[in-house]
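Notes to accompany the following structure.
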Amino acid sequence: MYAINHAATALLIKKKQPSAPIFLLLISVQLVELLWVIFNYLHLEHFSIVSGKLHLDFLPYSHSVFSGMVAAFTSFAIINWGFNNRKLAIAFSIGVLSHTFLDVIFHEKDIRLSPFSDTPAWGLGILDYPVLNFAIEFIYGIFCWWYFKGSKALLTVIIVFNILDLPIMLAHDDMLKPFEEYPFILPSIILFQIFITWYFIWRYSRNTKTT
């Protein structure tokens, strides 16, 4: 799932837990992806390009089920016992786990149970079908907006960013050569997407009444 729709997931959590700051929820739903960016910069994780297609084939430290659960539990412990805020701790932990759950739906079979074993690994492979991927993500983003009862400006943000993701979804063959030659470009693009979607979701969701 692309950055805008992970960010949109924060709207679902915000609707159920209105007291939780939206910016913290945005961090929670992208914490796993931030780890992926960092681990790629450090060459602990990597992607590959095979037969003109991009594969996120080694991300066990950031995206395994075990890693997601550890990140969620650690977040819960820090917020619940460190800041004495159980409701926020639960909401933040759900946000962390949502990322792994959604990526199992969209990724290839590259979401491992743990970093310590190659198998089992899960993924429905929707990313391999760009048009289907776009359609499902687009509908999901709209659903998050509808459930949140967001503004028209927020809806526009979700629609525009989904459309902007389409060229990346369709990229193949020579279009991927820059990523192969300069591997830092992809995590940098992902990091930029995370930050810019954080900003726009935060900006246009703040004044929405969630109760």
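The values are calculated or read from the model by the stated rules, or taken from the named source; none is laboratory data. No experiment lies behind these values; they were computed from the predicted model shown. As a convention, Cβ positions derive from the backbone with ideal geometry for all residues, glycine included, and neighbour counts pool all protein chains shown. Calculation scope for accessible area: heavy atoms of the full protein, side chains included, ligands and nucleic acids excluded. Shrake-Rupley method; radii C 1.70, N 1.55, O 1.52, S 1.80 Å.
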(message) Any residue at all in region 16-30 that's over 16 Å from the mean Cα position of the chain (by Cα), outside any strand (DSSP E or B), crowded, with 16+ Cβ neighbours inside 10 Å and of a type in the set (Lys, Arg)?
(response) no
(request) Search region 98-117 for residues that are farther than 11 Å from His63 by Cβ and pair each with any residue that is buried (at least 22 other Cβ atoms within 10 Å of the Cβ) and among the acidic types (Asp, Glu) when their beta-carbon atoms are under 6 Å apart and the residues are at least 6 apart or on different chains. (result) none
(request) Report yes if Leu88 is in a helix (DSSP H, G or I), open to solvent by less than 60 Å² (accessible area, probe 1.4 Å) and modelled with pLDDT under 95, otherwise no. (result) no
(request) Read through the list (1) within 15 Å of the chain's Cα centre (by Cα); (2) surrounded by fewer than 17 Cβ atoms within 10 Å (Cβ to Cβ), then give the number of the only condition that Thr100 fails. (result) (2)
(message) With the requirement that a residue be assigned to a loop (DSSP other than H, G, I, E, B) and more than 16 Å from Trp36 (Cβ to Cβ), what does region 115-138 give you?
(response) Phe116, Ser117, Asp118, Thr119, Pro120, Leu124, Gly125, Tyr129
(request) Could you identify the single residue in Ile136, Ile142, Ile94 that is in contact (Cβ under 8 Å) with a residue 40 or more places away in the chain and either among the aliphatic types (A, V, I, L, M) or buried (at least 16 other Cβ atoms within 10 Å of the Cβ) (or both)? (result) Ile94
(request) For residues that are within 16 Å of Leu102 (Cα to Cα) and of a type in the set (A, V, I, L, M), tally how many sit in region 8-24. (result) 5
(request) Working carefully through the options Ala72, Ala10, find the one that is crowded, with 19+ Cβ neighbours inside 10 Å, within 26 Å of Tyr199 (Cβ to Cβ) and touching a residue at least 40 places away in the same chain (Cβ under 8 Å). (result) Ala10
(message) Anything in region 161-180 that is at pLDDT 95 or above and open to solvent by 70 Å² or more (accessible area, probe 1.4 Å)? List them, or say none.
(response) Ile163, Leu164
(message) Filter region 158-211 down to the residues that are in contact (Cβ under 8 Å) with a residue 60 or more places away in the chain, of a type in the set (Phe, Trp, Tyr) and in contact with a Leu (Cβ under 9 Å, 6 or more places away or on another chain) and list them by number.
(response) Phe179, Trp198, Trp202
(request) Considering only region 182-211, state which residues are surrounded by fewer than 18 Cβ atoms within 10 Å (Cβ to Cβ) and modelled with pLDDT of 95 or more. (result) Tyr182, Pro183, Phe184, Ile185, Ser188, Ile189, Phe192, Phe195, Ile196, Tyr199, Trp202, Arg203
(message) I need the full set of residues from region 31-48 which are more than 16 Å from the chain's Cα centre (by Cα) and surrounded by fewer than 17 Cβ atoms within 10 Å (Cβ to Cβ), in order please.
(response) Tyr41, Leu42, His43, Leu44, His46, Ser48
